[in-house]
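This report refers to the structure that appears directly beneath it.
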Amino acid sequence: MKMYILVKQGVPDNLVPVITAHASLACFRKFEQNENMQTWINGIFKKVVCVVSETEFKNAQKEADNIVLTESALDNQEVCLAFVPREEYPKMFKFFRMWTPQDTLKNE
């Protein structure tokens, strides 16, 4: 069982860790009484963070049991979706790309 967190393409890398942390917590708070959420929170908290296009974001938003997050540093744009953990997700989720930071650390 895992929670998918989808971040829109173009969100600056330095904001993604905080946005996804907030997404996980906001999803838990909104769906705390959901049976799948209870199973997940009382087990291993698997999370998958993916980067998605605007179209993918809008299509995923149609799926049940999600929460949309906005970012004040980006003019309150919608930047992230978090989904109640489940065993199976719709097929489209298999095609989302895992998020990885694009900037490498420079001059450490």
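The residues neighbouring residue 2, those whose beta-carbon lies less than 10 Å from its own, together hold a net charge of +2 under the Lys/Arg +1, Asp/Glu -1 convention. Computed over neighbours whose Cβ is under 14 Å from that of residue 25, the net charge equals +2, Lys and Arg +1, Asp and Glu -1. Site-free segments of the chain were taken between trypsin sites (Lys or Arg not before Pro) in DSSP loops having at most 11 other Cβ atoms within 10 Å, sites themselves excluded; the longest one is 1-61.
Non-local lysine pairs in region 2-98, meaning eight or more places apart or on different chains, with alpha-carbon distances under 19 Å, amount to 22. Using C-alpha pairs under 8 Å with a sequence gap of at least 6, the mean separation divided by the residue count of the chain gives a relative contact order of 42 percent. A simple charge model with +1 on the Cβ of Lys and Arg, -1 on the Cβ of Asp and Glu and nothing else charged puts the dipole of region 2-98 at about 260 debye relative to its Cα centre.
FYI, it's all coordinate maths here, none of it is from the lab. Because the structure is predicted, anything quoted here is derived from the model rather than measured. Here Cβ is always computed from backbone atoms with ideal geometry, including for glycine, and neighbour counts include all displayed protein chains.
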